[in-house]
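The values are calculated or read from the model by the stated rules, or taken from the named source; none is laboratory data. From a predicted model like this one, the values you see are computed outputs, not experimental measurements. Neighbour counts run over all protein chains shown; Cβ positions are idealised from the backbone, glycine included.
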Amino acid sequence: MDYFAHESAVIDDGCSIGNGTKIWHFSHIMSNCTIGEKCNIGQNVVVSPNVILGNNVKIQNNVSLYTGVECEDDVFLGPSMVFTNVINPRSGVNRRDQYSKTIVRKGASIGANATIVCGHDIGEYAFIGAGAVVTKTVLPFALVVGNPARQIGWMSEFGHRLEFNTDGIATCPESSQEYKLDNGHVVRTK
């Protein structure tokens, strides 16, 4: 075993867990999950069957990742944020064959207590503010907040708000990476 699992964690059969991953107190990794290398899965986290996590995914305490969720590399999931996987759940109606897929792309961050309604992907390096309720797809590098979530700006790969000049160019103050805003989309240029 090349990963750490606290003695109170439960890991079901059929899981693949990468080297250097840490799984903390009272977390449950359900059957057939794929978890990459160097992930950190906090206390009281539930990872439902067939969920896929890339490398270096950080999951804070009290998060539930339901079947249909996929997180690419370097994703951050804040404390008590939640995903859904059925658009119209009812206790008396079995909809296990109707799970919607949600992909959180590389480097995205989702703040504490945010809710991601299923079927809406989160773009690369997007930043979802604490408590936001995401009801539509989020663009790469977008900063979204509120309920329902609305875009209020753009973020760099290092998590800084981008301020674009009249030529549509912004520079991250930490990394000096340059970004271009063109037709409502942001790309890193260098």
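Among the candidates T171, T115, T135, single out the residue that is modelled with pLDDT of 95 or more and either of a type in the set (D, E, K, R) or outside the structural domain of N44 (by TED's automatic domain parsing) (or both).
Only one candidate qualifies: T171.
Does the range 163-176 include one or more residues that are part of a loop (DSSP other than H, G, I, E, B) and within 18 Å of V63 (Cβ to Cβ)? It would help to see each step written out before you state the result.
Let us first name the residues in the range 163-176 that are part of a loop (DSSP other than H, G, I, E, B), namely 163-168, 172-176.
Right, trim to within 18 Å of V63 (Cβ to Cβ) and you get none.
Checked against the condition, which is being part of a loop (DSSP other than H, G, I, E, B) and within 18 Å of V63 (Cβ to Cβ), the range 163-176 yields no hits at all.
Could you please find all residues in the range 78-132 being among the small types (G, A, S), touching a Gly at 6+ places or on another chain (Cβ under 7 Å) and farther than 20 Å from G146 by Cα?
S100
Give me the pairs, please: first residue somewhere in the range 21-33 and without any contact (Cβ under 8 Å) to a residue 40 or more places away in the chain, second residue anywhere and among the hydroxyl-bearing types (S, T, Y), beta-carbon distance under 6 Å, and either six or more positions apart or on two chains.
From the range 21-33, the pairs are T21/Y3; H25/S8; F26/S8; M30/S48.
Quick one: would you say R150 is farther than 25 Å from P49 by Cβ and of a type in the set (K, R)?
So R150 passes the test.
Listed here are the residues, each with its yes/no results for (1) over 17 Å from I103 (Cα atoms); (2) of a type in the set (A, V, I, L, M, F, W, C).
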site: L139; (1), (2): no, yes
site: G146; (1), (2): yes, no
site: G168; (1), (2): yes, no
site: L181; (1), (2): yes, yes
site: V187; (1), (2): yes, yes
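Would you mention how many residues in the range 37-58 are assigned to a loop (DSSP other than H, G, I, E, B) and either more than 13 Å from the chain's Cα centre (by Cα) or without any contact (Cβ under 8 Å) to a residue 40 or more places away in the chain (or both)?
Count: 14.
Would you be able to say whether some residue in the range 90-109 is polar (S, T, N, Q), in a loop (DSSP other than H, G, I, E, B), free of Cβ contacts under 8 Å to residues at least 12 places away in the same chain and surrounded by fewer than 16 Cβ atoms within 10 Å (Cβ to Cβ)?
Yes, there is a match, as at least one residue in the range 90-109 is polar (S, T, N, Q), in a loop (DSSP other than H, G, I, E, B), free of Cβ contacts under 8 Å to residues at least 12 places away in the same chain and surrounded by fewer than 16 Cβ atoms within 10 Å (Cβ to Cβ).
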